[in-house]
């Protein structure tokens, strides 16, 4: 296989896996009421079907990226693909809630092994002048999975049952496994050393405590677990600084400001934008009286624009400064979030769709160029950890975003159901949430500008 064919095969493999993981997340959410009814699940256990998958993925993402750097990215990607396929099959044939939840945890592990190495393999094969385009295509496929998930998931659930969503993965998984083991040649590993089990355990525990705590805000329990998670993160940093082969190279965060600020910008961006779909779905269905299908069609405007613009954003990142392109995207996102603060019960659908298109444009211009910046800022031996860190920023940001929205809603409405008598309070909570998200985006712009400043210094140093 020549170099060009190897690149195309690797991009195809990464794209297929990048479609499946977000598709799984967004499609299962549509099927949750049906799953809960058939398996007799409570509201809490029903929500765990979604959250355990995200939590498992977040916990394993960085450790698996580090392991891929040590033993080989293709090897970890292949094993992860097999685990993902087998766990999807287990979920599809599960007849109890416990088996389904166990399957979702294992599926999260497989997803982490796949998602944490896909971008690293692309970055290993594509040189800087081609990398932005490749990562842009990969990012577009992620958005395609996110946007088609609710629609296809609804169709599959309605006509073939909820199990078909999990079994839908099998043919794609078999194709990926065939390509990775029988077509793609070569292996990519850059580091030597022992795997950091201790650091991985402390890191995973910190994330579990963080996510659990944030999901219980603003209760005392939530604040207590957040404090414990911060203590664990401090202990993790202390442990990693003294480990000869740390799961996360803390000195990389300290010395490589471009990597640090780009990762921070990603965290802020996801924290500021992910809850938009959650808030708008409630607004459109409750205040506008729309059906779930019609509300989904309106919200679809954002991921469609993301999928269309991301490849172009990747090309722009190759031709121009990727740091400046992603900074422009963050600024456009901030404008879109600010416009949402003017929402009321009479806001037109045209304004909503137009603003979603603006946000989709901003997020597409930010995401793939920021990914290009991150991968270009680190040495080859850190590609696995770098791509895993970005994935973790995405997952933690998503959790924080929904956590912020839920916290604000609970402050204004409490535990009451959203009903006509508290629509004004819900609208007020939406406005406050979008004010917070706008402020976060502005903070993200400063992070991006600081990143750009350090990037220019680094380039000036190289020139001399």
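Listing for the model above:
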{"quantity": "Given (1) farther than 16 Å from residue 353 by Cβ; (2) assigned to a loop (DSSP other than H, G, I, E, B), number of the condition residue 310 does not satisfy", "calculated": "(2)"}
{"quantity": "Residue within segment 151-174 that is free of Cβ contacts under 8 Å to residues at least 24 places away in the same chain, in the same structural domain as residue 81 (by TED's automatic domain parsing) and closer than 26 Å to residue 70 by Cα present", "calculated": "no"}
{"quantity": "Residue match in segment 114-128 (condition: outside any helix (DSSP H, G or I) and touching a residue at least 40 places away in the same chain (Cβ under 8 Å))", "calculated": "yes"}
{"quantity": "Residue among 41, 46 that is crowded, with 16+ Cβ neighbours inside 10 Å, in contact with a helix residue (DSSP H, G or I) (Cβ under 9 Å, 6 or more places away or on another chain) and under 20 Å from residue 211 (Cα atoms)", "calculated": "46"}
{"quantity": "Residue 141 vs. criteria assigned to a helix (DSSP H, G or I) and in contact (Cβ under 8 Å) with a residue 24 or more places away in the chain", "calculated": "yes"}
{"quantity": "Boolean, residue 21 is assigned by TED's automatic domain parsing to the domain that holds residue 110 and more than 19 Å from residue 98 (Cα to Cα)", "calculated": "yes"}
{"quantity": "Within segment 63-82, tally of residues that are within 20 Å of residue 19 (Cα to Cα) and buried (at least 24 other Cβ atoms within 10 Å of the Cβ)", "calculated": "7"}
{"quantity": "Candidates 430, 407 - the one that is in a helix (DSSP H, G or I), outside the structural domain of residue 222 (by TED's automatic domain parsing), closer than 15 Å to residue 272 by Cα and at pLDDT below 85", "calculated": "407"}
{"quantity": "Which listed residue, of 255, 244, is in contact (Cβ under 8 Å) with a residue 40 or more places away in the chain, surrounded by fewer than 15 Cβ atoms within 10 Å (Cβ to Cβ) and either out of contact with any helix residue (DSSP H, G or I) (no Cβ under 6 Å at 6 or more places or on another chain) or in the same structural domain as residue 401 (by TED's automatic domain parsing) (or both)", "calculated": "244"}
{"quantity": "Qualifying position, being farther than 20 Å from residue 201 by Cβ, out of contact with any strand residue (DSSP E or B) (no Cβ under 6 Å at 6 or more places or on another chain), surrounded by fewer than 19 Cβ atoms within 10 Å (Cβ to Cβ) and in contact (Cβ under 8 Å) with a residue 12 or more places away in the chain, among 32, 54, 85", "calculated": "32"}
{"quantity": "Unique match (being assigned by TED's automatic domain parsing to the domain that holds residue 278 and over 21 Å from residue 296 (Cα atoms)) among 397, 350", "calculated": "397"}
{"quantity": "Segment 410-427, residues that are in a helix (DSSP H, G or I) and over 17 Å from residue 341 (Cα atoms)", "calculated": "410, 411, 413, 420, 421, 422"}
{"quantity": "Residue check for residue 14: modelled with pLDDT of 85 or more, under 18 Å from the mean Cα position of the chain (by Cα) and in the same structural domain as residue 114 (by TED's automatic domain parsing)", "calculated": "yes"}
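The values are calculated or read from the model by the stated rules, or taken from the named source; none is laboratory data. All values reported here derive from a predicted model rather than from experimental measurement. Virtual Cβ from ideal backbone geometry, glycine too; neighbours counted across all protein chains shown.
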